[in-house]
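The values are calculated or read from the model by the stated rules, or taken from the named source; none is laboratory data. In this text, all values refer to a predicted model and were calculated from it rather than measured experimentally. Using ideal geometry, Cβ is built from the backbone for each residue, glycine included, and neighbour counts are taken over all protein chains shown.
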Amino acid sequence: MKIIDRFIIALFSLFVLALSVFLIIIPFNINGFFSIQNMNYFILSMHRNYYYTLFGILLFIASIRIIFSGFSRKGVESKGGSYLITRNDLGEIMIYSATIVSLVETAVEKFSGVSNIKIDVELIEGQVGINLTGDVSPGVSIPEVTKELQSVVKGYIENATGAKVSEINVKTNNVSVPTRAIR
């Protein structure tokens, strides 16, 4: 969201807050600034005072801007897939699930002991869940290899994205068959 949108939302929220306080206090007919006589005088003084018309137009434009900024995300859905939003001092960072899949591929391509890895990424409440499915090499300890794989992938993704990896599930489909050299 742009800074101008945040500013407009803040001003609009303050106006709605003041209006709600006014609506809460008016029925009690409290003497002073919020008395019915003062409000009646205020409303009568608005006649032919076009500053109030300008203020009303600005409020109308602000509310239209808020409505459209809430519904449009400038092509987020056109890129496809879910995304993760992180923030830093300079703004928002959108990381699509396809980006995380590519990062996981980079992390596992150097890994030995598991091959033919299929990757599925879930982004839930700002955290990353990763499901890996692959074949293990013959003669390896599956618990040790998968734990090391989980550790490598978790460290790589957290360092690359700054997002917390909540879980990495590893499923082994099969034992990979070693390839033989044909003479």
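For the range 88-143, which strands (runs of 3 or more DSSP E) that fit wholly inside it have 2 or more residues that are at pLDDT below 90? Give the derivation first.
Values: elements: 91-96, 114-124, 127-136.
Correct list: 91-96, 114-124.
Tally time: how many residues in the range 1-17 are farther than 18 Å from Ile64 by Cα and exposed (fewer than 10 other Cβ atoms within 10 Å of the Cβ)?
Step one: filter the range 1-17 for residues farther than 18 Å from Ile64 by Cα, giving 17.
Of the ones still in play, those that are also exposed (fewer than 10 other Cβ atoms within 10 Å of the Cβ) are none.
Final tally of qualifying residues: 0.
(1) touching a strand residue (DSSP E or B) at 6+ places or on another chain (Cβ under 9 Å); (2) under 30 Å from Ile3 (Cα atoms): which one isn't true of Asn88, the others all being true?
(1)
Collect the residues in the range 112-147 that are within 27 Å of Tyr83 (Cα to Cα) and acidic (Asp, Glu), keeping them in residue-number order.
Asp120, Glu122, Glu125
Every residue in the range 103-124 that is under 14 Å from Tyr156 (Cβ atoms) and surrounded by 14 or more Cβ atoms within 10 Å (Cβ to Cβ), please.
Of everything in the range 103-124, those that are under 14 Å from Tyr156 (Cβ atoms) and surrounded by 14 or more Cβ atoms within 10 Å (Cβ to Cβ) turn out to be Leu103, Val104, Ala107, Val108, Phe111, Ile117, Ile119, Val121.
I'd like to check something: does the range 63-77 contain any residue that is surrounded by fewer than 15 Cβ atoms within 10 Å (Cβ to Cβ), modelled with pLDDT under 95 and more than 30 Å from Leu11 (Cβ to Cβ)?
Scanning the range 63-77, I find no residue that is surrounded by fewer than 15 Cβ atoms within 10 Å (Cβ to Cβ), modelled with pLDDT under 95 and more than 30 Å from Leu11 (Cβ to Cβ), so the answer is no.
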